[in-house]
Each structure stands twice: as C-alpha cells, then as structure tokens.
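I have placed the structure first, in the form of structure tokens, so that the comments after it can refer back to it.
The values are calculated or read from the model by the stated rules, or taken from the named source; none is laboratory data. Note that the structure is a prediction, hence the values are computed from the model and not measured. Because the Cβ atoms are built from the backbone with ideal geometry, glycine has one as well, and the counts that use them run over all protein chains shown.
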Amino acid sequence: MSANFKLSCVLFDLDGTLVDTAPDLIACLNHTLAAYGLNTVNAELVKPFISFGALAMINASVEQSVSESQRTELLETMLNRYENNIAEHTVFFTGMVETLAHIEQLGLKWGVVTNKRKRFTDPLMDALNLTHRAACIISGDSTANPKPHPEPMLAACQQAGVNPRECVYIGDASHDITAGKNVDMKTLAAVYGYIKVNDNPETWGADALIDSPEQLTTWINTVLCH
C-alpha cells in the first residue's frame, strides 16, 4: 500500500458483497424450475453462479437437453418473479450494517457498482433503505459496457464526485477486481461472497482478501492511519 494513498470512497459490488441476495434469487429460480416441471436445485450448488447473472444460474441448473429458447423463457419467468419479490429474504452480510455506519462516521462516501440491471438494483436499494445513503449507484445497464469494462467504474466516480485513485472497490468475482484495477482503484476480494469451488481469489490481483465486512472495517482503519 503506497503511503500517499488517500481514501475518499468505498465502492461495493452488490450481490455477494454488500448484501446476500442468494435466498431470493434461488427461491425465484427454484419456483421457475418447478413451474416448468424441472428439478429444483440445491442452493449451495447454484450460489457460486450468482455473480455471473441469472442465465448462468439457469445454465448451471438445467440439463444440456433443455433448448436455448426454453432457457430464455425460464430466464424471463425467473426475472419477472424476482422483480416482484426483490427483497423477501435478502439480508446484509453479518457485520455489513456496522461497516456502512463506520464508513459514514468517518466522513467517507460509499456506493454500488453492480452488473445487476437497473430494474432490479434500484428497487432493491430502495427496499434496503440504502438509496439516499449511497453516493452513487451504477447498474449493469447504466453504461454501454458492464464490468470489467472501466465505464461503470468511471461513471460511479463521476456520480460520487471522487477520483478513482482515491477509491477502493470490493467484489466477490475476478471481473470485479479487474474492473477496479482497470481504473487504478485499490481492490479487495470479498471471499465471504459467492465464490466458485475452482476460483482462486488470491490470483485475482486484489490488494487484499477479506473474509468478512469486519475485515473491511479493519482495512479502512489501517489505511486511514497511514
């Protein structure tokens, strides 16, 4: 960590980093599978695919014999159900409420950069009473290109009024770390998130791995003490 790093803003990926959306997403997936006469899936099996979107969840859940057109139909049904049940079982990861409060007490800004579509991101942030607290909210379709492209990261900084080099980005997928690094942000891999069995977060190039939101608080305090 360079001694002259100045932290102004903490940016989060949404699903699997800021909040645990898995219970709602998997419930909607299984409801959809059952409605089409397909086998439901074990939550732990499909959870690692959440960071890659709903279609990745479906592809991991159905037999190869299921056609592309039916997968598209499953996707639309699942997403429509999810839109109407956006925060039934979604919760903050343990310690995240306190971490956000600590960030705000320190006078730092924070925000969200997610590949989740705006039609889901905005209602979810509203339901969790986060919209008015976030300095920026950038969704997967807020810019022409989603992460790992630099566009959403730069849009977040513009919205928050901060320099990318004064930001840290926390995410639970390799494309999150790449996105942050692409614009010279500090990056932290949230290994408490939706990590695949064959993922190796230590190889992603993040500045540090964090096992919990509490570790994020510690990291921030350490940086501010330098």
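When Asn39, Asn4 are checked against the criterion of being over 24 Å from the mean Cα position of the chain (by Cα), closer than 25 Å to Trp110 by Cα and surrounded by fewer than 16 Cβ atoms within 10 Å (Cβ to Cβ), a single residue qualifies: Asn4.
Of all residues assigned to the range 69-78, none qualifies as being in a helix (DSSP H, G or I), surrounded by 15 or more Cβ atoms within 10 Å (Cβ to Cβ) and outside the structural domain of Asn30 (by TED's automatic domain parsing). Pairing residues of the range 6-28 that are touching a residue at least 60 places away in the same chain (Cβ under 8 Å) and closer than 15 Å to Thr114 by Cα with residues that are part of a loop (DSSP other than H, G, I, E, B) and polar (S, T, N, Q), at Cβ distances under 8 Å and at least 6 apart in sequence or on separate chains, gives Asp13/Thr114; Leu14/Thr21; Leu14/Thr114; Asp15/Thr21; Asp15/Thr114; Val19/Thr90; Asp20/Thr90; Thr21/Thr90.
Here is the figure for the range 1-31: residues that are more than 15 Å from Asn221 (Cα to Cα) and among the aromatic types (Phe, Trp, Tyr) total 1.
Any idea how many residues of the range 190-202 are more than 19 Å from Lys47 (Cα to Cα) and touching a helix residue (DSSP H, G or I) at 6+ places or on another chain (Cβ under 8 Å)?
Our first condition is that a residue be more than 19 Å from Lys47 (Cα to Cα); within the range 190-202, this holds for 202.
Adding the requirement that they be touching a helix residue (DSSP H, G or I) at 6+ places or on another chain (Cβ under 8 Å) leaves none.
Residues that pass the stated criteria total 0.
Selection within the range 190-210: residues that are under 17 Å from Leu11 (Cα atoms) and within 15 Å of the chain's Cα centre (by Cα). The member of this set that is surrounded by the most Cβ atoms within 10 Å (Cβ to Cβ) is Ala190. The set of residues from the range 168-189 being more than 16 Å from the chain's Cα centre (by Cα) and either in contact (Cβ under 8 Å) with a residue 40 or more places away in the chain or outside the structural domain of Pro146 (by TED's automatic domain parsing) (or both) comprises Met185, Lys186.
Every listed requirement among (1) within 25 Å of Val197 (Cα to Cα); (2) not in a helix (DSSP H, G or I) is met by Ile58 save one, (2). Filtering Ala34, Ala56 for residues that are exposed (fewer than 14 other Cβ atoms within 10 Å of the Cβ) and among the hydrophobic types (A, V, I, L, M, F, W, C) leaves a single hit, Ala34.
Anything in the range 42-53 that is assigned to a helix (DSSP H, G or I), out of contact with any strand residue (DSSP E or B) (no Cβ under 8 Å at 6 or more places or on another chain) and either surrounded by fewer than 17 Cβ atoms within 10 Å (Cβ to Cβ) or in contact (Cβ under 8 Å) with a residue 40 or more places away in the chain (or both)? List them, or say none. Step through it out loud before you land on a result.
Let us first name the residues in the range 42-53 that are assigned to a helix (DSSP H, G or I), namely 43-52.
Next cut, out of contact with any strand residue (DSSP E or B) (no Cβ under 8 Å at 6 or more places or on another chain) only: 43-49, 52.
Residues satisfying the conditions are Ala43, Glu44, Leu45, Lys47, Pro48, Phe49, Phe52.
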